[in-house]
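Heads up: the structure comes next, in C-alpha cells.
Derivation of every value follows stated rules applied to the coordinates shown; laboratory data play no part. Keep in mind the model is a prediction, meaning the values are calculated, not measured. Note that we place each Cβ from the backbone using ideal geometry, even for glycine, and neighbour counts take in every protein chain shown.
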C-alpha cells in the first residue's frame, strides 16, 4: 500500500473522486447517441460544415459512454468487493440494477404486445445470450455478466505479483480467442465481448488508485493521454466513415472506444480537480448537475429506450427538432428521477423489514 503522500499525488485518484460526474457525462453521451436529433443542417446544405459534421460525429459515437461505464465499473468494484461479504456484494449489484430493468421490460412488453414469452426471454437475458445482444437493453445483462465473474477474477488478480503484465496477458488471451472465433461466432456478440479489455483495465486502474506509488502525472503523461484521445477519435472516424476493419468484428467498439474512454476519463477527472481549485463555485454546480445524472444513470438509460420510438412520429407531425430535444430530455430526466427515488425507497423499506426480523430469527435459532 502506498503512503499517504503517494496516494494524494496519484493521477488516477480523481477517477474515484469524480466518479459520479464521469458517470453523468457517460449517461448524457449515451442519451445523445440514442435520442438527440441533430439540429444543424446536413453538410451539403450547411455553410457551417464543420459544425454539422462534429454534431453528427459525436452523436454517432455517443455509445462510447458505455465503455466509460465499464471502465468506471471495473474501478468501483475493486473498492466494493473488499468492503462486504460475497453474498452482500452480489446483492448490492443486483439491487441497483434489477428493478429498473425488469420493470421497464414488463411495462414496455405489455404496451408493445411482446407477449409474456418474449418478455421473460428479454428480462432474463436469455435472448441476449442466445439470439441477439441488442434484444433488450443489452448493457444490463452485459454488466451483470461482468459482476458475476468479477470476484473470481479479482481473487486471482490480487495473487499475481505483476498486475500490469497479468492484465496485458488477459487482454492478449481475449484477443487470441476473438481472432479464432471471429468467423464462427455470432457477430453481435463482439459488441459485448469487445468491452472485456476496458473492464479489466478498469480493475487494474482501481488497484492503482488504492496502491498509488509512483503514479504522479507529469506533462508527458498528459501529452500521452491527448495522443490516445486523438488516436481514438481518428480510429473512430476510420471505422465509422471509411469502414476500416481493426483487429476484431464491430471494430468501432474496441480500440477506438478503449482509447477514448480511458484517456477522456483521466483527462476530465484531472481537469475537475484543477477547476475545483480555480473556480470552485462554478465547478461545484457543474459536478452536482453531472453527479445527478450519474446517480440516475441506469434509470435514465432504461427509460430513454422507451421514448426513442416516438421521436420519428413527432417529426412526422411537424414538431420542431429543438422542441422535441428539449421536451424529451426534460420528460425522460423527470421520469428517471422519480423511478430512482421510488426504487431506492422500496429497497430501503425492504432492508428495514429485514433488519427488524433478524433478532427474532436469531432467538428462535438459540
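Simple spin-label model, 7 Å along Cα-to-Cβ: residue 312 to residue 331 in nm?
Result: 1.7 nm between the two label points.
May I ask you to order 270-279, 193-202, 245-254 by the average number of other C-beta atoms within 10 Å around their residues, highest value first? Display every interim value, and only then the final one.
On the way: 270-279: 13.6, 193-202: 23.7, 245-254: 18.3.
Per-residue mean Cβ counts within 10 Å order the peptides as 193-202, 245-254, 270-279.
So for 190, 53, fewest C-beta neighbours within 10 Å to most, what's the order? Please report the intermediate quantities before stating the final value.
Values: 190 20, 53 15.
By the 10 Å Cβ count, ascending, the order reads 53, 190.
So, in nm, how far is label residue 91 from label residue 55 when the simple model puts each one 7 Å beyond its Cα toward the Cβ?
4.9 nm
To the nearest 0.05, how large is the calculated FRET efficiency for residue 183 and residue 98 if R₀ is 41 Å and r is the Cβ-Cβ distance? It would help to have the intermediate numbers written out before the result.
Numbers: r = 36 Å, r/R0 = 0.87.
With R0 = 41 Å, the Cβ-Cβ based efficiency is 0.70.
Could you tell me, in Å, what Rg and Dmax come out for the Cα atoms of the chain?
21.8, 80
Arranged from highest to lowest average of other beta-carbon atoms within 10 Å per residue, in what order do the peptides 70-81, 105-116 appear?
Numbers: 70-81: 22.0, 105-116: 13.8.
Highest mean packing first, the order is 70-81, 105-116.
Can you work out D for region 228-366 in µm² s⁻¹ from Stokes-Einstein, where Rh is the Kirkwood radius over C-alpha pairs, the temperature is 10 °C and the viscosity is 1.306 mPa s? Show your work: numbers first, answer last.
On the way: Rh = 19.8 Å.
Taking Rh from Cα pairs, D becomes 80 µm²/s.
Compute the length gained on full extension between residue 277 and residue 160: take 0.36 nm times their separation in residues and subtract their Cα-Cα distance, giving the result in nm to one decimal. Kindly include the intermediate steps, with their values, before the conclusion.
Details: separation 117, 0.36 × 117 = 42.12 nm, distance 3.83 nm.
Between residue 277 and residue 160, full extension yields 38.3 nm more.
Can you give the direction-averaged projected area of the convex hull of the alpha-carbon atoms in region 104-169, in nm²? Could you put the intermediate results ahead of the total?
Details: hull surface 22.6 nm².
With the hull built on Cα positions only, its mean projection is 5.6 nm².
Mind sorting 92, 352 by how few other Cβ atoms lie within 10 Å of their own Cβ, fewest first?
On the way: 92 15, 352 10.
Placing the least packed residue first, the sequence is 352, 92.
Of 182, 355, 288, which is the most mobile in a GNM of the chain whose springs link Cα atoms less than 10 angstrom apart?
355
Per residue of the chain, what 222 nm ellipticity follows from adding -39500 (n - 2.57) for every DSSP H run with n ≥ 4, rounded to the nearest 500? Write out the running numbers ahead of the final one.
Details: 18 runs with 278 residues, N = 366.
The helix-only estimate for the chain comes to -25000 deg cm²/dmol at 222 nm.
What nm value, rounded to one decimal, do you get for the distance between residue 107 and residue 347 when each label is placed 7 Å out toward the C-beta?
Going by the 7 Å Cα→Cβ label model, 1.8 nm.
Between residue 222 and residue 168, what FRET efficiency follows from the Cβ-Cβ distance if R0 is 25 Å, with the result rounded to 0.05? Before the final figure, lay out the partial values.
Working: r = 23 Å, r/R0 = 0.91.
According to the calculation, E is roughly 0.65.
In what order do 327, 228, 23 fall by count of nearby beta-carbon atoms within 10 Å, going from fewest to most? Intermediate values should be presented prior to the final figure.
Working: 327 14, 228 18, 23 24.
Ascending number of Cβ neighbours within 10 Å: 327, 228, 23.
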